[in-house]
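FYI, it's all coordinate maths here, none of it is from the lab. This structure is a prediction, so every number in the text was calculated from the model and none was measured. Heads up, the Cβs are rebuilt from the backbone with ideal geometry, glycines too, and the neighbour counts pull from every protein chain shown.
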Amino acid sequence: MESKTQFRRLKWSNYDAVYDRHLPGKINSILEIGVAGGGSLVWWKNRFPNAKIYGVDIDATCKKMEQHGFSISIGNQCDSDFLNGIADNFDVIADDGGHRPYQIYASFKALWPKLNDGGLYVIEDVQMAMKCRWRIWSKLVNGPRVIVDELYEQMNRFVRDEDGVAEKSPAEIHLYPHIIIIRKGSIKTEVKEFLEVPTGQVVAR
Ligand SMILES: C[S@@+](CC[C@H](N)C(=O)[O-])C[C@H]1O[C@@H](n2cnc3c(N)ncnc32)[C@H](O)[C@@H]1O
């Protein structure tokens, strides 16, 4: 039986391995869009006990999670003025809100500037933005496909400084079933010449 100290968290079974792979050891500040029963916020707290954890939800009843030490803001994830009003400098932003393509896109545009360098932007349950009744939207309106497309294009713009060094950002985009992980930051790349030494001889038959 569920007790008052248990919080339901409904996630796809691959998420924990994905998070294990990408989460750093220390995190100061996390924002999750989509609080519902609070299970996910509690998971973050158990994993990063010293982090400040923020939740956003359109449902005012989620405010009750403040009694457990979370900072909850009630509003629409599509409302950039509302999102601008919450804290800054997050190490992780996870979108597990309404899952419609346009909601994911609007939140990403508003919140990306609030993510610290090296931080992770996570989009959960991507399949929802592609499922039948929204599939048409996912092609017509901006959503996770467009976010990935725009970032990948930005990452591969052929711009170099006078020394031939290109600074590419974001640093990483990882696509998994149901979940996308984007690491903010940049990687410096340049064209280099490598001399390969043969390690074996080709013998004619
Ligand atoms: C899948 S549940 C979140 C589950 C939670 N992250 C967990 O794992 O425990 C989705 C939540 O997003 C909220 N939501 C739906 N549309 C929203 C919107 N436009 N803005 C903000 N929150 C929204 C819903 O009220 C619901 O609580």
For this session: Just need log10 I(q)/I(0) for segment 1-64 at q = 0.13, 0.18, 0.24, 0.28 Å⁻¹, Debye formula, equal scatterers on the alpha-carbon atoms, no solvent, rounded to two decimals.
Result: -0.39, -0.74, -1.20, -1.36
Exercise. Structure shown: which of 131/188; 11/52; 11/188; 11/131 lie over 27 Å apart, alpha-carbon to alpha-carbon?
Worked result: 131/188; 11/188
Exercise. Using the C-alpha atoms of segment 15-189, what convex hull volume per residue, in cubic angstrom, is computed?
Worked result: 125
Exercise. Mind checking the dipole of segment 15-189: about its Cα centre, +1 per Lys or Arg Cβ, -1 per Asp or Glu Cβ, Debye to the nearest 20?
Worked result: 380
Exercise. Could you give the nm distance between label points at residue 79 and residue 157, where each point is 7 Å from its Cα heading toward the beta carbon?
Worked result: 3.3
Problem set entry | Kirkwood Rh in Å, taken over all unlike Cα pairs in segment 57-126 | 12.7
Problem set entry | Label point distance in nm, residue 14-residue 87, each placed 7 Å from Cα along Cα→Cβ | 3.1
Seminar exercise, completed: Residue span residue 178 to residue 68: 0.36 nm per residue of separation minus Cα-Cα distance leaves a gain in nm of 36.7 nm
For this session: Give the distance, in whole Å, between the Cα centre of segment 70-84 and the Cα centre of segment 171-196.
Result: 31
Exercise. Within a Cβ distance under 13 Å of residue 155, other residues only, what is the Lys/Arg minus Asp/Glu net charge?
Worked result: 0
Exercise. Once phi is turned into θ = phi - 60°, what whole-Hz ³J(HN,Hα) does the Karplus curve with 6.51, -1.76 and 1.60 give for every residue of segment 67-78, x standing for Gly and Pro?
Worked result: 5, 9, x, 8, 9, 10, 10, 9, x, 8, 5, 8
